[in-house]
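Peer 1: For reference, the structure I am asking about is given below.
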Amino acid sequence: MRRLLWLAVLLPVMATAADPIVTDSTSNSTVSSKSATTTTIRTNPPSAISPSINASNSDLCAIGVSGAVQTQIIGISTGQAYRDANCERLKISKILFDMGMKVAAVSVMCQDFRVFDAMLKAGTPCPIKGKIGTEAKALWVENEDEIPTKEEITTMDRGKFLDNLWAGILGMGVFAIFLL
């Protein structure tokens, strides 16, 4: 039994005392690669920006209206200024009055039928051919064809404007579909 014990102690020591195993390995490799790449950049189209017509705090007698439509293919913008004749009349009259030309200022205002009618009803007829007062009244009777005519007051019809706007937008949509 002692012998077995001694063998059990020496056997692991003998196994560890053996020569190590050495492996030599050499490897050569050549790597060659070729690649082709394609880059696609997708961006939004440029925006259609409607022109701005600034009428606030200015000395213009115009009303600006503008609009724009943008699709993924095409964009259209437009703008227009509408002239305000009554505003022009008021400004001209004010300038003439400021220059001391009161009769001329009143004459400019009298080009509007409403002012002409109001002056006549107030007993101070509008000036005509340099005459004022009763002389002007007599000349107006002789020259009735020069009396301003009653004009229908036109205002910007919001409903008509919106109808035109929607028609333009739908037209652009149909146009864009045909381009696809």
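Since every read-out is calculated from the coordinates, none of them should be taken as a lab result. No experiment lies behind these values; they were computed from the predicted model shown. Glycine also receives a Cβ, built like all others from the backbone with ideal geometry; neighbour counts cover every protein chain displayed.
Peer 1: Taking 0.36 nm per intervening residue step and subtracting the Cα-Cα distance, what contour gain separates Ala167 from Thr39 on full extension?
Peer 2: Working: separation 128, 0.36 × 128 = 46.08 nm, distance 3.94 nm.
Stretched fully, the Ala167-Thr39 segment lengthens by 42.1 nm.
Peer 1: Tell me, what HN-Hα J-couplings in whole Hz come from the Karplus equation 6.51 cos²θ - 1.76 cosθ + 1.60 at θ = phi - 60° for each residue of the stretch 77-87, using x for Gly and Pro?
Peer 2: With the stated coefficients, the stretch 77-87 comes to 9, 8, x, 8, 10, 9, 6, 10, 5, 5, 4 Hz.
Peer 1: I'd like the FRET efficiency for Leu120 and Glu151, computed as 1/(1 + (r/R0)^6) with the beta carbon distance as r and R0 of 22 Å, rounded to 0.05.
Peer 2: Working: r = 17 Å, r/R0 = 0.76.
FRET efficiency, Leu120 to Glu151: 0.85.
Peer 1: Let me ask something additional. If we sort 108-116, 59-67 on the protection proxy, mean other Cβ atoms within 10 Å, highest first, what's the order? All intermediate terms of the calculation are to be shown ahead of the outcome.
Peer 2: Values: 108-116: 17.8, 59-67: 14.7.
Top to bottom by mean Cβ count within 10 Å: 108-116, 59-67.
Peer 1: Tell me which lysines have Cα within less than 17 Å of Lys150's Cα, excluding those fewer than 8 residues away on the same chain?
Peer 2: Answer for Lys150, where 17 Å is the Cα cut-off: Lys121, listed by chain and number.
Peer 1: Something else about it: Below 13 Å, Cα to Cα, which aspartates and glutamates can Lys129 reach? Residues fewer than 8 away in the same chain don't count.
Peer 2: Within the straight-line cut-off, Lys129 pairs with Glu142, Glu146.
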